[in-house]
Amino acid sequence: MSKTDKTEARPAPESQKERWAKYGANVVLTCVIVIVLAGVAVWGASQIKKPFDLTIGHTQSLKPQTVNVLHANHQPIKLVSLYARLKPNSGEQSQDFYTPVVDLLDRYHDAAGNIQVEVIDPVAEPGKLDAWLGEITRKYGGNIKAYRDVLTEFPKTLADIRKLADDEIKQMQILRGVQFQKQEQADAINEAYGTVRAFPSLLDTIDNGIKEELEKKIPDYKGQVQNVQTSLGTFSRQVDGVMKDLEALTKDTTAPKEASDYAAKSIPRFQKLKKLADDLVAKSKTLGELKLDEVRRQIVTEDESGTTAIRSIAVEGEKDFRLINFSSVWKSGQTSGLTAPSTGPNLLRFAGEQQITAAILSLEQEKKPKVAFMRMGGAPLTNPMFSGEAPLSDIADRLRSYNFDVLEKDLSGEWAMQMQARGGMAPPEPSDDELRDAVWVVFSTTQMGQFGPQPLSPEVAHKISDHLDHGGSAMMLFDTHSDGLASVLSSWGVSVRTDIIAVHEPVAGTAEGAEDFVEQARRSPPIFVINDYGDSPVTRTLQTLDAAVVPILPVETHSAPDCTVSPILPVPQDLKTWGESELDTIGRGHVPTYDPPPKGSDLPPPLWGGAVVEKKGGGRLVVIGNVGFGTNGFVELNDPKLERAKIYVARFPGNGELFTDSIFWLAKMDNLIALSPAALDASRIRPISAGILNFWRIGVLLVGLPLLALIAGLTVYQSRRD
C-alpha cells in the first residue's frame with residue numbers, strides 16, 4: 001500500500017461540536033454515576049442504625065456493665081427526658097442540657113429491645129407534660145385515693161370539732177363571775193376555754209391550705225397529710241392536758257361547786273373532741289408510702305426567682321419508677337489547683353449513665369440491699385429528730401434512690417438514755433438480725449471523758465470485728481483523737497493515725513479576686529482538695545472530680561494474711577507536705593513546721609488518707625481518715641461560679657461519689673462503680689515542671705530547631721560541592 005493510500009485511510013478530524021457532544025456526554029454520564037453512587041451510599045448509611053463511636057475511650061458508647069444490666073433486665077422500661085431545648089441566643093442558659101440527655105437515652109433504646117424512650121420539652125410542650133403527669137398518677141399513684149380521702153375527711157372532722165367546741169363555750173357561761181381560791185383552778189378553766197375557742201380557728205387555716213393544695217396539678221398529698229397529723233395531734237395533746245386539769249379540779253375540795261360540777265360533766269365532752277382528732281390521725285398513719293410525692297418534690301420545684309425549672313429523667317418500670325434530678329447527672333467541670341480559676345463559662349459535665357443504669361437495676365431487684373450507719377452516741381445522722389436536718393441526710397437520700405434500705409444504730413446506747421432523761425424516746429433501732437447482712441458505716445468519733453479522749457468499749461470493737469470476721473463489709477471513718485480501733489484493723493493490714501493531721505506549707509498570697517473561695521481556703525495548711533484518688537476498685541472512676549477531705553488523718557497499710565490492701569486518697573505533694581502531730585496548734589494562727597524524727601514526731605511523706613481491703617472469703621473494708629467528708633456541708637455545697645448563673649451543682653462532686661461508690665463496692669455491686677460516666681474519665685494534663693518547660697523552650701525551640709536547620713544547610717552545601 002502506498003503512502004497516499006495510508007493517508008486516505010485516516011479518519012476525518014472531529015469537529016468542535018462532535019468533541020463537545022462526545023466528551024460532554026462522558027462528563028454527564030460520570031456525574032450521573034457519581035450522583036447515583038452517592039445517593040446509594042447515603043441511603044445505605046441511613047439504614048445503618050447503629051452509630052460508630054470513634055471517640056478516644058468510647059465516651060459515646062454505653063459501658064459493658066450497662067449492657068449487661070440491660071440484657072439481664074426482664075421488664076419493659078420507659079425512659080422519659082424532661083429537659084427543655086436550648087433557646088437560640090439565650091442569655092440565661094449557655095449550655096445545651098437537652099441533647100446529651102436525649103442522645104444517652106437513645107443509646108439505651110438501641111442497646112435493648114424492651115427500652116422505650118419518650119422526650120418531653122416541659123417548656124414547649126406543656127400539654128404533653130400534663131398527659132405524662134396524668135399517666136404517672138394513674139400508673140404509680142397507688143394509695144393516692146387513701147391520702148385524698150384523709151384530706152377530704154378533714155373538713156368533716158373540723159366541722160364536728162367546731163360544733164362540739166361551740167357547745168362547750170356555751171356550757172362555760174355558768175362559770176361567769178365565779179371566784180376561785182387558787183390560781184390553778186382558774187388556770188384549768190382558762191386552758192379549757194382557750195382550747196375550744198382558739199384551736200378551731202387554727203384548724204380552719206389548715207383546712208384552707210388543703211383546699212388550695214388539692215387544686216394544684218400535683219398536690220402535695222403527703223405534706224398536707226403531715227399537716228393534718230401535726231395539727232390534730234397537737235389539738236389532741238392539748239385536750240388531753242385540759243382533761244387532766246379538769247379531773248384534778250373535780251378532786252379539789254376547795255374549788256367552787258360550779259367549777260367542780262362543770263369539770264365533771266365536761267370531761268366526757270372533751271373525750272369526744274379528742275377521739276375525733278385521734279381517729280383521723282390514726283387513719284393517716286396507715287396510708288403507707290406515696291411514690292407520687294417523689295414526682296412532686298423533684299419536678300414541681302421553683303428557683304430563687306420563682307420560675308419552675310423542670311430538669312429530670314424518669315425511669316419507669318412495671319410497678320415502680322425512679323426520678324433522677326438535675327444535680328445527680330450534671331457535675332461541676334472545674335477542678336482546683338493553686339492558680340486562679342479560668343475565665344469564661346464553667347461548663348458542666350454529663351454524668352447520667354451511672355444513675356440511669358442504677359435506677360433500672362433497682363427496679364429489677366427483688367430484695368433491697370441494706371446499709372447501716374453505726375454511730376458512737378449522739379443524735380441520729382440520717383434522719384432529723386427535731387428541727388433542721390440530719391448531717392448525712394443527703395447521702396442517705398442518695399442511697400435510698402439506689403434502692404438501699406437505710407438503717408441507723410447507736411452502738412454506745414447513750415442516745416436512748418439521754419432521750420429518756422429528757423422525757424422523750426429515741427427512735428426504734430434495727431435488731432442484730434437486720435444488721436447482719438447490711439453494709440456497716442462505722443463512725444469512730446471522739447469520746448470525751450473526765451480526763452480527755454476515751455477509747456471505745458471492748459464490746460463495741462468486738463461487734464465490729466464479729467461483723468467483719470463473718471464475711472460482712474464496712475466503711476470505717478475516723479475523727480481526730482478518736483479510737484483507732486487497732487484491735488479491729490490490724491488483721492486487715494490497716495492502721496489509722498488519729499493523733500496526726502496531714503498539712504502542707506502555707507501558700508503565700510491571698511488570691512484576692514479569685515472567683516472560687518476554695519482557692520483561698522486551701523492555702524491554709526490543713527486544707528487539701530483532692531482529685532487523684534489512687535488505684536483501687538473503689539476509686540478508679542473518680543479521677544478529676546474535686547473532693548474536699550478536711551482534715552486528712554494518715555492511714556497506713558501493711559501486709560496481712562489473705563488480704564489485698566490498696567492505699568487510696570494520696571495526699572497531694574504539689575507543695576511540701578507532712579503529718580503534723582501538734583494538733584492543738586493547727587488553725588489557731590500557728591504556722592506548722594516539719595519536725596521529723598528523731599527530734600520531732602511528725603510523719604514524713606508520702607501520706608495516704610484511706611485504704612481499700614478485700615479479704616479472701618468475702619469480707620470487704622474501706623477505711624478513710626476523715627469522719628465528715630460525706631456530710632451535707634460538703635456534699636451539698638454549690639459551685640459558686642455556676643450558682644451565679646442559677647445552675648446548682650456540687651462544688652465537690654467527689655465527696656458524694658466516693659461515699660456512694662464505697663457502698664456499692666462493699667455491697668458487691670461493683671458494676672455500678674464501673675458505670676461512672678465516660679464523660680468524667682477525661683485524661684488529665686499534669687503541671688509541667690520547670691526543668692521540662694526549660695528543655696522545650698530553650699533546648700528544643702531556641703537551640704534544637706535552629707541547629708537542625710544549620711546542619712541541613714551544611715549537608716546540602718557539601719553534597720552540591722562534591
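The values are calculated or read from the model by the stated rules, or taken from the named source; none is laboratory data. Computed from a prediction, not measured in an experiment: that's the story for all the values here. Methodologically, a virtual Cβ is constructed for each residue, glycine included, from the backbone with ideal geometry; neighbour enumeration extends over all protein chains shown.
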- Is at least one residue of the stretch 88-100 under 24 Å from the mean Cα position of the chain (by Cα), within 30 Å of residue 132 (Cα to Cα), at pLDDT below 75 and outside any helix (DSSP H, G or I)? yes
- Task: Could you identify the single residue in 555, 571, 549 that is closer than 16 Å to residue 494 by Cβ and not basic (Lys, Arg)?
- Result: 555
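State whether the residues of the stretch 626-637 include one that is in a strand (DSSP E or B), more than 18 Å from the chain's Cα centre (by Cα) and closer than 26 Å to residue 446 by Cβ. Walk me through it before giving the result.
In the first step, residues of the stretch 626-637 are kept if they are in a strand (DSSP E or B); the result is none.
No, the stretch 626-637 contains no residue that is in a strand (DSSP E or B), more than 18 Å from the chain's Cα centre (by Cα) and closer than 26 Å to residue 446 by Cβ.
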- Tell me, please, whether a residue that is outside any strand (DSSP E or B), of a type in the set (Val, Ile, Thr) and modelled with pLDDT of 90 or more can be found in the stretch 388-397. yes
- the stretch 550-581, subset assigned to a strand (DSSP E or B) and of a type in the set (Ser, Thr, Tyr), residue farthest from residue 614 (Cα to Cα): 577
- Would you check which residues across the stretch 349-381 are more than 16 Å from the chain's Cα centre (by Cα) and of a type in the set (A, V, I, L, M) and list them? 360, 361, 363, 372, 374, 376, 379
- Any chance the stretch 70-80 includes a residue that's part of a helix (DSSP H, G or I), at pLDDT below 85 and out of contact with any strand residue (DSSP E or B) (no Cβ under 8 Å at 6 or more places or on another chain)? yes
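Name the single residue that is farthest from the chain's Cα centre (by Cα) among those in the stretch 675-693 being modelled with pLDDT under 75 and part of a helix (DSSP H, G or I). Break it down into steps so the answer makes sense when it comes.
In the first step, residues of the stretch 675-693 are kept if they are modelled with pLDDT under 75; the result is 675-691, 693.
Add one more test, that the residue is part of a helix (DSSP H, G or I), and what stays is 678-680, 690-691, 693.
Details: 678: 18, 679: 18, 680: 16, 690: 40, 691: 42, 693: 41 Å.
Result: 691.
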- Message: For the stretch 390-421, which positions are out of contact with any helix residue (DSSP H, G or I) (no Cβ under 6 Å at 6 or more places or on another chain) and either acidic (Asp, Glu) or not assigned by TED's automatic domain parsing to the domain that holds residue 461 (or both)?
- Response: 397, 405, 408, 410, 414
- Query: Of all residues in the stretch 458-511, which are closer than 27 Å to residue 369 by Cα, free of Cβ contacts under 8 Å to residues at least 40 places away in the same chain and of a type in the set (S, T, N, Q)?
  - Reply: 465
- Note on the structure: Among residues of the stretch 457-489 being assigned to a loop (DSSP other than H, G, I, E, B) and of a type in the set (S, T, N, Q), the residue farthest from residue 377 (Cα to Cα) is 480
- Counting only residues that are crowded, with 19+ Cβ neighbours inside 10 Å and among the small types (Gly, Ala, Ser), which one in the stretch 144-190 is nearest to the chain's Cα centre (by Cα)? 165
- Task: Only residues that are over 37 Å from the mean Cα position of the chain (by Cα) and crowded, with 19+ Cβ neighbours inside 10 Å: list them for the stretch 204-235, please.
- Result: 235
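Does the stretch 114-132 hold any residues that are surrounded by 17 or more Cβ atoms within 10 Å (Cβ to Cβ) and either on the phi > 0 side of the Ramachandran plot or in contact (Cβ under 8 Å) with a residue 40 or more places away in the chain (or both), and which are they? Walk me through it before giving the result.
Going residue by residue through the stretch 114-132, those that are surrounded by 17 or more Cβ atoms within 10 Å (Cβ to Cβ) are 115, 117, 119-120, 122, 129, 132.
Matches in the stretch 114-132: 115, 120, 122, 129, 132.
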- Query: Would you say residue 60 is at pLDDT below 90, surrounded by 10 or more Cβ atoms within 10 Å (Cβ to Cβ) and in contact with a Leu (Cβ under 6 Å, 6 or more places away or on another chain)?
  - Reply: no
